[in-house]
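Following: one structure in structure tokens, then a few remarks.
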Amino acid sequence: MAEPPQHRLGELMEESNPAFEAVMSCVFGIEDHETRTYLVLCDRPGSTIAELATALERDRSTVNRSLSTLRDRGLVYRDRRLLDGGGDVYQYTATSLPEAKAMLHEALDAWTATVHDVIDEFDDGAD
């Protein structure tokens, strides 16, 4: 089950025209480099950590941590592939962009509903 994101929606409120990457990072509570990892993986389904590290020009441990966070958020899944010579390797695939967009909409709708509830339930004591 996906870990609930730690929204950073306040950051979005400061931007008049945020980029998609900024929206994704703030809504899912992930770092910019994790969003970049997701977007690169969208173009390279089935990539290994080593392949992503090369594509992103980052070290493998950083890519591994990014993938772990993305998996926790439900944005990436992995499959284990057995190697011909023995052993195995994990291959990672991004959740489809339409599914990620639907997740973004759901998260924003839930946040908006919460804010509306706070507004509606506020009692300033001036009855």
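The values are calculated or read from the model by the stated rules, or taken from the named source; none is laboratory data. Note that the structure is predicted; figures quoted are calculated from it, not measured. Cβ sites come from the backbone with ideal geometry, for glycine too, and all protein chains shown count toward neighbours. Remember, those area values only see protein heavy atoms, side chains included, never the ligands or the DNA or RNA. Shrake-Rupley method; radii C 1.70, N 1.55, O 1.52, S 1.80 Å.
Worth a mention:
- Complete set of residues in the stretch 71-127 that are among the hydroxyl-bearing types (Ser, Thr, Tyr) and in contact with a Leu (Cβ under 6 Å, 6 or more places away or on another chain): Tyr92, Thr95
- Residues that are in a helix (DSSP H, G or I) and either out of contact with any Ser or Thr (no Cβ under 9 Å at 6 or more places or on another chain) or farther than 14 Å from Glu34 by Cα (or both), drawn from the stretch 70-105: Arg71, Asp72, Leu97, Pro98, Glu99, Ala100, Lys101, Ala102, Met103, Leu104, His105
- Residue list for the stretch 12-30, filter: modelled with pLDDT under 85 and either in contact with a Lys or Arg (Cβ under 8 Å, 6 or more places away or on another chain) or within 22 Å of Gly74 (Cα to Cα) (or both): Leu12
- Residue in the stretch 63-76 that is exposed (fewer than 14 other Cβ atoms within 10 Å of the Cβ) and within 15 Å of Asp43 (Cβ to Cβ) present: no
- Candidate set from the stretch 104-127 (those that are in contact (Cβ under 8 Å) with a residue 60 or more places away in the chain and not small (Gly, Ala, Ser)); member that is most open to solvent (accessible area, probe 1.4 Å): Trp111
- Odd one out for Asp88, checked against (1) of a type in the set (Asp, Glu); (2) touching a strand residue (DSSP E or B) at 6+ places or on another chain (Cβ under 6 Å); (3) open to solvent by 100 Å² or more (accessible area, probe 1.4 Å): (3)
- Tally, over the stretch 34-49, of residues that are over 10 Å from the mean Cα position of the chain (by Cα), under 14 Å from Leu67 (Cβ atoms) and either at pLDDT below 90 or open to solvent by 40 Å² or more (accessible area, probe 1.4 Å) (or both): 3
- Within the stretch 31-64, the set of residues being of a type in the set (Lys, Arg), assigned to a helix (DSSP H, G or I) and closer than 16 Å to Leu75 by Cα comprises just one member, Arg36.
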